[in-house]
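Below is one structure; the comments refer to it alone.
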Amino acid sequence: MAQPNADTRETLYVARQAILDARWQVFGYELLYRADGGAANVSSDLAAARVMTDAVLNVGLDTLTGGRPAFLNLTRSLLVTEAWSVLSPAAVVFELHNNIQIDKEVIEMCKQLHDAGYPLALCDFTLDSDAEALLRYAKFIKVDVTATSLDAQLAIVDYLQASGIKLIAENVESGAAFDAACAAGYSLFQGHFFCQPKTVSAAPVPASRLAYVQLLTALNRPRLSLSEIEDLIKHDVSLSYKVLRCINSAAYGLRREIRSIHEALVLLGVEPIRSWASVWAVAGLNSSGTFELATTALVRARCCELLGEHFSNSEESAELFLIGLCSLLDAMLGRPLHEAIADLPLSPAARSAVLGEERNPVRCVLDAVVAYENGLWDEAALASHGAGLTPALLADAYAGALRWAREFSRVVAMAA
């Protein structure tokens, strides 16, 4: 396995967390970011500005949010130095946390922010706090439902009922927490509730979703030949149609129409078609009610796969895409994880890694990716080293996975 190398460059960590509406559709993404290395050598004000702007410019705002609002934290220094003005008000929502002292300067800058058309979110909001002076400029209020009593939450909802301000419940970590937040009057929700399985073991898995599991299994066999993948796709009429629609879409600009799966495979090769088919298989077996779960699984899988390219053990790296997908199969199928992966062709080491039974290198990769997507930078770095990888490689792989997922969604949209 590759050994971590010393890297003196600044590493920029950028991840995202979805904010969903009551129908579990994505409203926007909070961007989580931090820089290590070079930023320590400049003033804190300049460092904060660089991290925010570089997070957007290096990865790309469209890649990070898919055209939805980006929720970005504003420190006091970013607010008063007007660093926020480099971003479009149509693309962002700026967040102020409750650790910022509310004084005349902050109030005046929030007024300027509001007058310039930038939406403002007040985080960790409580009644009778100094933040009430900013309510006239706020479009969103974020309340931590794990740190705020239900009585206090209901009081906030009642107080803001006629204001037009949207309430966002933070740290919603389960379906029960989501239901409670809905009942309390929130309209937007942030947390990992949509990644948690709603276990329904008493009911059989529908045959259609079992077919997608079997297809996903077959597609991810090692050393899959062109003729084998052609046969798999041709036996699924819907899948064949989608592949041909994709390759004949304007995204590829071909001069002639591709009429067969064989032609598509010869033109593009096995790996792109395998990836497309795997994506559609994941979308087909997802029964959670939100496509964000499938998107999270695909970004996670691709990130694991990219990190696998740095493994010297080819068998371990070949399984990493499937391992990333498997980590959310329980939520997609409504089954305990050991049942959800029972029929998948995972090696003993990979199966053990997915179930968390053994902290082997592939488990360390999965742990690193999950920690990174949650903005747990120190945990992500520790797990990266456990896999023999650097945090910089992890940051690059996550950004690459987001770009891959965004590009694929564009192709699919053009083929629809």
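Taking first residues from segment 19-38 that are in a loop (DSSP other than H, G, I, E, B) and partners that are at pLDDT 85 or above and surrounded by 17 or more Cβ atoms within 10 Å (Cβ to Cβ), the Cβ contacts under 7 Å between residues at least 6 apart in sequence or on separate chains come to Trp24/Phe194.
Can you pull out every residue in segment 390-411 that is of a type in the set (Phe, Trp, Tyr) and either modelled with pLDDT under 85 or in contact with a Phe, Trp or Tyr (Cβ under 9 Å, 6 or more places away or on another chain) (or both)?
Once the filter is applied, which keeps residues that are of a type in the set (Phe, Trp, Tyr) and either modelled with pLDDT under 85 or in contact with a Phe, Trp or Tyr (Cβ under 9 Å, 6 or more places away or on another chain) (or both), segment 390-411 yields Tyr398, Phe408.
Summed over segment 234-268, residues that are surrounded by fewer than 16 Cβ atoms within 10 Å (Cβ to Cβ), assigned to a loop (DSSP other than H, G, I, E, B) and over 28 Å from the mean Cα position of the chain (by Cα) total 8. Residues of segment 345-355 being within 21 Å of His385 (Cα to Cα) and touching a helix residue (DSSP H, G or I) at 6+ places or on another chain (Cβ under 7 Å), which ones? The answer is Ala349, Ala350, Ala353, Val354, Leu355.
Within segment 91-113, the residues that satisfy the criterion of being free of Cβ contacts under 8 Å to residues at least 12 places away in the same chain and not in a loop (DSSP other than H, G, I, E, B) are Lys104, Glu108.
Per-residue answers, yes or no, for (1) at pLDDT 80 or above; (2) acidic (Asp, Glu):
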{"position": "Gly269", "(1), (2)": "yes, no"}
{"position": "Ala294", "(1), (2)": "yes, no"}
{"position": "Ser314", "(1), (2)": "no, no"}
{"position": "Asp330", "(1), (2)": "yes, yes"}
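Number of residues in segment 127-140 that are on the phi < 0 side of the Ramachandran plot and either surrounded by 19 or more Cβ atoms within 10 Å (Cβ to Cβ) or part of a loop (DSSP other than H, G, I, E, B) (or both) equals 8.
Scanning segment 109-135 for residues that are at pLDDT 95 or above and of a type in the set (D, E, K, R) yields Lys111, Asp115. Being in a loop (DSSP other than H, G, I, E, B) and out of contact with any helix residue (DSSP H, G or I) (no Cβ under 6 Å at 6 or more places or on another chain) is the filter here, so list the residues in segment 269-287 that pass it. Selection gives Gly269, Ser287.
Only one of these is under 26 Å from Glu309 (Cβ atoms), modelled with pLDDT of 85 or more and of a type in the set (Val, Ile, Thr): Val106, Val92, Val14. Name it.
Val14
Taking the stated definitions as given, is Val143 at pLDDT 95 or above, in contact with a helix residue (DSSP H, G or I) (Cβ under 9 Å, 6 or more places away or on another chain) and buried (at least 20 other Cβ atoms within 10 Å of the Cβ)?
On the way: at pLDDT 95 or above: yes; in contact with a helix residue (DSSP H, G or I) (Cβ under 9 Å, 6 or more places away or on another chain): yes; buried (at least 20 other Cβ atoms within 10 Å of the Cβ): yes.
So Val143 fits the description; yes.
Evaluating Gly28 against the criteria (1) crowded, with 16+ Cβ neighbours inside 10 Å; (2) within 25 Å of the chain's Cα centre (by Cα); (3) at pLDDT below 90 leaves one unmet condition, (3).
Looking across segment 173-224 at every residue that is assigned to a loop (DSSP other than H, G, I, E, B), buried (at least 21 other Cβ atoms within 10 Å of the Cβ) and out of contact with any strand residue (DSSP E or B) (no Cβ under 6 Å at 6 or more places or on another chain), the one that is modelled with the lowest pLDDT is identified as Asn220.
Taken over segment 371-392, the criterion of being surrounded by fewer than 22 Cβ atoms within 10 Å (Cβ to Cβ), out of contact with any strand residue (DSSP E or B) (no Cβ under 8 Å at 6 or more places or on another chain) and of a type in the set (A, V, I, L, M, F, W, C) is satisfied by Ala371, Leu376, Leu382. No other residue among Ser88, Ser149 is closer than 24 Å to Arg68 by Cβ, in the same structural domain as Ser187 (by TED's automatic domain parsing), surrounded by fewer than 16 Cβ atoms within 10 Å (Cβ to Cβ) and not aliphatic (A, V, I, L, M) apart from Ser88.
I need the full set of residues from segment 114-123 which are touching a strand residue (DSSP E or B) at 6+ places or on another chain (Cβ under 8 Å) and either more than 17 Å from Lys166 (Cβ to Cβ) or assigned to a loop (DSSP other than H, G, I, E, B) (or both), in order please.
Start the filter on segment 114-123 by keeping residues that are touching a strand residue (DSSP E or B) at 6+ places or on another chain (Cβ under 8 Å), which leaves 114, 118-123.
Selection gives Tyr118, Pro119, Cys123.
A search for C-beta distances below 6 Å between a residue of segment 253-280 that is farther than 15 Å from His235 by Cβ and any residue that is surrounded by fewer than 16 Cβ atoms within 10 Å (Cβ to Cβ) and not polar (S, T, N, Q), counting only pairs 6+ apart in sequence or on different chains, returns Val270/Leu226.
For every residue, the table says whether it meets (1) of a type in the set (Val, Ile, Thr); (2) more than 18 Å from Phe194 (Cβ to Cβ); (3) touching a helix residue (DSSP H, G or I) at 6+ places or on another chain (Cβ under 7 Å).
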position	(1), (2), (3)
Glu319	no, yes, yes
Ile323	yes, yes, yes
Cys326	no, no, yes
Leu333	no, no, yes
Asp343	no, yes, yes
Glu358	no, yes, yes
Val365	yes, yes, yes
Tyr372	no, yes, yes
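The values are calculated or read from the model by the stated rules, or taken from the named source; none is laboratory data. In this text the structure is predicted, and so the values were computed from the model without any measurement. For neighbour counting, all protein chains shown are included, and Cβ atoms are generated from backbone atoms with ideal geometry for every residue, glycine included.
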